[in-house]
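Heads up: the structure comes next, in structure tokens.
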Amino acid sequence: MASFVNEAGWDRALRVTLGLVLLYLGWAGVVGGTLGAILKVVGFLPLATGIVGWCALYAVLGVTTCRGTPGKGTA
């Protein structure tokens with residue numbers, strides 16, 4: 001099975017951290033109201049892409065933060 005990773009290790013770590021921070025701000029009640037609800041939803045996007053290692057926007061734009069051949073999973 002081919003690997004479609006287009007995010008380097010540092011990029012993935014940054015996305016997971018950002019996602020967790022956004023989710024914390026929304027779910028812990030640090031930010032309330034409409035903005036808190038938005039953070040609850042938006043926080044899942046960087047978290048999911050960081051865990052999976054593939055970003056749809058990167059794929060559309062032809063961008064990769066991986067070294068080596070794009071799409072080969074080298075980080």
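The values are calculated or read from the model by the stated rules, or taken from the named source; none is laboratory data. Values in this document were obtained by computation on a predicted structure and should not be read as measured data. Surface accessibility is based on the protein's heavy atoms, side chains included, excluding ligands, DNA and RNA. Shrake-Rupley method; radii C 1.70, N 1.55, O 1.52, S 1.80 Å.
To the nearest 10 degrees, how steeply does helix 9-27 sit against the main Cα axis of the chain, on a 0 to 90 scale?
Helix 9-27 sits roughly 20 degrees off the main axis of the chain.
Going by alpha carbons, how many degrees (0 to 90, nearest 10) lie between the helix axis of 33-42 and the longest principal axis of the chain?
The angle comes out at about 20 degrees.
Using heavy-atom solvent-accessible surface (probe 1.4 Å) with all chains present, what is the largest-first order of V41, V31? Display every interim value, and only then the final one.
Values: V41 105, V31 35 Å².
Ranked list, largest accessible area first: V41, V31.
With every protein chain present, what is the per residue accessible area of the chain (1.4 Å probe, Å²)?
Working: 4940 Å² over 75 residues.
Per residue, the chain has 66 Å² of solvent-accessible surface.
Wrap a convex hull around the Cα atoms of the chain, take a quarter of its surface area, and give that in square nanometres.
With every direction weighted equally, the projected area is 5.3 nm².
Using a 1.4 Å probe and counting only protein heavy atoms, arrange Y58, Y24 so the residue with the most accessible area comes first.
Values: Y58 45, Y24 140 Å².
In descending accessible area the options line up as Y24, Y58.
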